[in-house]
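Notes for the one structure printed next.
Computed from the coordinates by the stated procedures, all read-outs in this text should not be read as laboratory data. Worth saying up front: this structure is predicted, and the values here are computed from it rather than measured. Every residue, glycine as well, gets a Cβ built from its backbone with ideal geometry; the counts of neighbours run over all protein chains shown.
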Amino acid sequence: MAEESILTDDFLRELINVGEVDILIGVPTYNDAATVGQVVQAVRAGLVEYFPRERAVIVNVDGGSRDATRDLVRAASISDLQRVSDLHALRTLHSISARYAGDPAPGTALHAILTAADLLRAHACAVISPSSANIQPEWINQLLRPVCRENADLVTPVYCRNKFDGLLVRNLLYPMTRALYGRRLREPHPAEFAFSGRLGNHLLAQDIWSQEIGQIGAETYLVIQAVTGGFRLAQSFLGPKLRIDQAAADLVKALRQSVGVLFWALQQHPLASATNGESQPIPTNGPEHQVSVEPVRVNRKRLYQGFTHGVAELEPVLSSILSARTLAELRRAATLAEDDFRYSDELWASTVYEFAASYHKAVISRDHIVQALAPLYRGRAYTFLVENRDAKGEEVEANVEALCQTFERLRPHLLEVWDGGK
């Protein structure tokens with residue numbers, strides 16, 4: 001697919017009318033009328049307050065919304081902003097909304113943003129989730145300043161999360177990427193991030209956009225490319241992250257978009273090049289972590305039952321993925337009463353590494369391997385919830401750090417099973 005083919009003729013015309021810019025903010029949408037208006041207003045306020053001299057454009061790339069998303073983006077005009085504040089841009093602040101070619105998909109939307117940024121020769125770009133209804137104008141400064149002023153190539157967020165939020169990140173994505181690539185990047189699958197034109201052009205040149213991986217997990221792939229490609233990394237604290245109703249979340253979809261991409265990316269970068277030393281921190285603007293502990297109701301019993309039923313129902317599948325020792329430990333754990341059940345850090349790290357190796361060897365369908373991880377992840381999530389039920393913020397962070405160190409310590413196990421036996 002040629003780069004420009006991701007952009008419709010109308011999209012191209014709108015970009016041509018804008019001309020070259022210094023900053024591009026991409027807001028990918030698909031039926032986000034409930035929140036997109038306030039998100040665009042906050043983005044505008046941030047650009048006007050913190051980057052008044054830069055040529056800037058907000059590009060809403062839409063996947064064919066059937067609600068009022070695009071109308072609300074257009075309505076969030078600069079005149080509306082000026083009626084409620086004393087902020088004034090010193091240059092024209094453009095805002096466009098256009099439908100990209102192809103079916104709605106996160107990767108396709110990011111591809112359109114990258115293509116638009118390349119055509120407009122943007123020096124710095126940011127992507128903002130349309131569902132971030134609590135966004136503040138300061139987010140724009142926090143994300144873009146390291147790119148515009150400090151020559152960073154990728155800026156990922158650090159959030160203040162409830163201790164029971166972001167469980168997939170805390171229990172798998174962060175520990176594994178940290179262990180494999182040696183950098184303590186807290187959000188390997190970011191909803192908001194900023195990047196340089198240099199990194200954007202590098203990613204645009206990758207041969208992933210016609211593949212499934214480029215449709216479902218381009219954000220994770222961008223992070224891995226930045227880490228492995230020697231690009232300059234930074235993190236910025238953005239503040240609270242709105243809770244996601246995890247009961248309503250599609251776990252298998254989330255695993256495909258993040259863990260599946262991580263497993264796939266391991267095929268592109270030989271494990272011999274993975275770091276052998278201790279992981280290193282990333283320059284961070286603001287706190288490196290922050291945890292809120294207000295009470296949240298979570299159905300732990302459902303997670304426990306999902307684990308025990310999954311181990312029983314998927315035993316033939318798990319026997320082809322896991323070593324005999326790991327599978328035996330999981331079988332034993334599945335027989336324990338709920339109050340006695342624990343999925344230890346060591347067993348969890350070994351499980352994930354053996355899944356990654358089996359994905360590499362394609363012992364069965366790779367998509368089935370990713371799906372089979374779901375009930376085991378539920379068991380690990382149950383353990384995290386129980387162990388941190390009464391924990392304060394620093395105790396939660398200490399437990400996450402201990403898990404990360406376990407992943408780093410057991411990294412040789414992945415190397416052992418990668419091309420060898422289970």
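Taking each full run of DSSP H in the chain as one helix, which ones are at least 18 Å long along their axis (Cα atoms) and have mean Kyte-Doolittle hydropathy of at least -0.5? TM-like helix candidates: 36-50, 106-119, 345-361, 366-387. Choose one of ALA34, ILE213, LEU373: the residue whose Cα lies farthest towards the positive end of the charge dipole of the chain (beta-carbon charges +1 Lys, Arg; -1 Asp, Glu; about the Cα centre). Toward the positive end, the furthest listed residue is LEU373. Between ARG66 and GLU401, the C-beta separation translates, for a Förster distance of 56 Å, into a calculated FRET efficiency of about 0.80. Every helix of 4 or more DSSP H residues in the chain counts as -39500 (n - 2.57), and over all residues that averages to -15000 deg cm²/dmol at 222 nm. Taking 8 Å as the Cα distance limit and 6 or more residues as the minimum spacing, I'd like the relative contact order of the chain as a percentage. So the answer I get is 17 percent. Kirkwood radius, region 278-422, all distinct C-alpha pairs, inverse of mean reciprocal distance: 16.6 Å. In summary, the aspartates and glutamates within cross-link reach of LYS361, defined as a Cα separation below 12 angstrom excluding same-chain residues under 8 places away, comprise ASP419.
Any idea what the relative contact order of region 91-168 is, in percent, if you count C-alpha pairs under 8 Å spaced at least 6 apart? Working shown, then result.
Values: 20 pairs, mean separation 13.3, N = 78.
Over region 91-168, the number comes to 17 percent.
Run through region 252-327 and list the trypsin sites (Lys or Arg not before Pro) located in a DSSP loop whose Cβ has at most 10 other Cβ atoms within 10 Å. Could you put the intermediate results ahead of the total?
Working: sites: LYS253, ARG256, ARG297, ARG300, LYS301, ARG302, ARG325; in loops: ARG297.
Listed in order of number, the matching sites are ARG297.
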